[in-house]
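What follows is a short report on a single structure.
The values are calculated or read from the model by the stated rules, or taken from the named source; none is laboratory data. These numbers were taken from a predicted model, which means no experiment stands behind them. Neighbour counts are summed over all protein chains in view; Cβ atoms, including those assigned to glycine, are modelled from backbone coordinates with ideal geometry.
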Amino acid sequence: MSVKLEDIAKATGFSVPTVSRVLARSSYPVNAVTRQIILEAARIMGYKPNLSARSLRTDRSNTIGIIADDLLSPFTPRIVRGIQDYLNQYDYLSLIVNSDWDADIEQEAINTLVSRPVDGIIFVEYSHRTFSRVLEQSKKPHVFVHRLFGTPIKNSVVPDDEYGASLAVRHLIGLGHKRIAYINGPENWHNAKKRFTGYQAELAAYQLEFDSAIVQPGDWEFEGGYQAAKNLLSLDQPPTAIFSANDLMALGAIYAIQDAGLSVPKDIAVVGYDNRDFTKIFRPRITTVIMPVYEMGWTAAELLLKKIVEDQEDLDEIKIRGQIQIRESCGADKSLITKDELGSATVVRRILLNKQPES
C-alpha cells in the first residue's frame with residue numbers, strides 16, 4: 001500500500017498541510033528541524049510523491065522513451081541505470097530503443113515513440129547533428145544526456161570535461177610534474193575539445209608553459225594511445241607524465257612505455273579519463289578521472305520529469321562534475337590511493353537516494 005501524506009502526518013505529529021508543504025518543496029516557511037523530521041520520516045516510510053495528482057494533465061502514461069545510440073557502449077548501461085533508478089521513485093517505466101548510430105533508425109524510433117503514449121523522451125549519447133522536425137512538432141518533452149557532437153544545446157546533461165581534465169593535470173602537478181604530455185581524442189569530438197581546453201587552462205593556472213610538441217592526437221583506441229606514447233618517448237625531452245583523454249589510450253601508452261623498457265609510474269606517470277572497468281585490474285592500476293555517467297542519467301531523468309510535471313522551461317546545458325580516482329599509475333603515495341568503491345554505481349546510487357530529490 002502506498003504511503004500517504006496522512007500517514008506521515010500521523011507518524012510525525014505534524015499537520016497534513018505542513019507535511020505537504022515540506023514534501024512539495026513549497027516556499028512556505030517551515031522550521032528546519034520540522035522539515036528534517038518530515039523528510040526523514042518520508043524516506044524511511046518509502047513515500048513516493050504522486051506526480052499525477054500535482055498536475056492538471058490527465059493523459060499521462062507514466063512511461064518515458066529512451067533512445068540510445070549504442071546499448072553496448074561502455075557508458076550507456078550506467079546512464080540508463082541512473083535514469084531508471086530516478087524514475088522508479090515515481091513509478092515511471094521506460095521503453096528503450098537502440099538506434100545503432102544510424103540517423104534513419106533513430107528517426108524511425110522518434111516517430112514510433114511520438115505516436116505512442118509516452119510522456120517524454122531521453123536521448124542517450126546522441127551523436128547526430130541534425131534534429132527531428134517530427135519531435136519538435138509533437139511538443140513532446142525531451143532531454144539529452146552525454147551528447148557527443150555539436151555546440152551546446154538546451155536540456156542537455158553532459159560531463160564537465162574541462163573540469164575533469166583540470167583535475168587530472170592538477171593532480172600530476174601536485175606530484176611534482178612540470179612536463180606533462182597530453183594524448184587527445186579525435187578533434188571533431190566535443191569531449192576531446194573540452195578536455196584539451198581543461199589541460200591547457202590548468203597548465204596556465206600553474207604558470208607552466210604549453211608545449212605543442214608534447215600534445216599528441218589520438219583516436220580513443222588502444223593503438224592510438226600506443227603510437228602517441230611512442231612518439232612522445234622519441235622526443236629529445238620526453239615528458240615525465242602523460243594525461244590521456246581516455247582510459248583505452250592510457251592503457252596503450254602504458255604498454256608503449258613498458259615495451260620501451262621503462263616503468264610506470266617510476267619513469268613516467270600516466271593518468272586516464274573515464275574509469276573504465278579494466279583500470280581497476282590492470283597492473284599498475286590506472287589513475288583516472290571518473291566519468292559521472294550514473295549521475296548524468298539520474299539528472300536527465302529528474303530534468304525530464306520536471307518538464308513533464310511542472311512544464312519547466314528549457315535549461316542551458318547542465319554539466320556534471322566527476323572526480324579523480326587515484327591508483328598506482330600516477331605514482332602517488334599509497335596513502336592517497338582512493339578505494340575503488342568510490343566510483344561504483346552502487347555507492348553513487350546509495351548516496352543519491354539518501355538525498356531527497358526535487359519533486
**OP:** Hey, can you tell me all the residues within the stretch 237-256 that are farther than 17 Å from His177 by Cα and without any contact (Cβ under 8 Å) to a residue 60 or more places away in the chain?
**Re:** Asp247, Leu248, Leu251, Gly252, Tyr255, Ala256
**OP:** Quickly run through the stretch 193-215 and pick out the residues that are in contact (Cβ under 8 Å) with a residue 24 or more places away in the chain and in a loop (DSSP other than H, G, I, E, B).
**Re:** Tyr206, Leu208, Asp211
Subject >> Which listed residue, of Asp91, Asp100, is part of a loop (DSSP other than H, G, I, E, B), outside the structural domain of Ile254 (by TED's automatic domain parsing) and modelled with pLDDT of 85 or more >> reply: Asp100
Original post:
Yes or no: Ala301 in contact (Cβ under 8 Å) with a residue 24 or more places away in the chain, part of a helix (DSSP H, G or I), under 24 Å from Tyr163 (Cβ atoms) and within 26 Å of the chain's Cα centre (by Cα)?
Top reply: yes
Original post:
If Phe278 satisfies every condition in (1) in contact with a strand residue (DSSP E or B) (Cβ under 9 Å, 6 or more places away or on another chain); (2) under 30 Å from Leu87 (Cα atoms); (3) modelled with pLDDT of 95 or more; (4) not β-branched (Val, Ile, Thr) but one, which is the exception?
Top reply: (1)
**OP:** With the condition kept exactly as written, say whether any residue in the stretch 207-224 is crowded, with 24+ Cβ neighbours inside 10 Å and within 23 Å of the chain's Cα centre (by Cα).
**Re:** yes
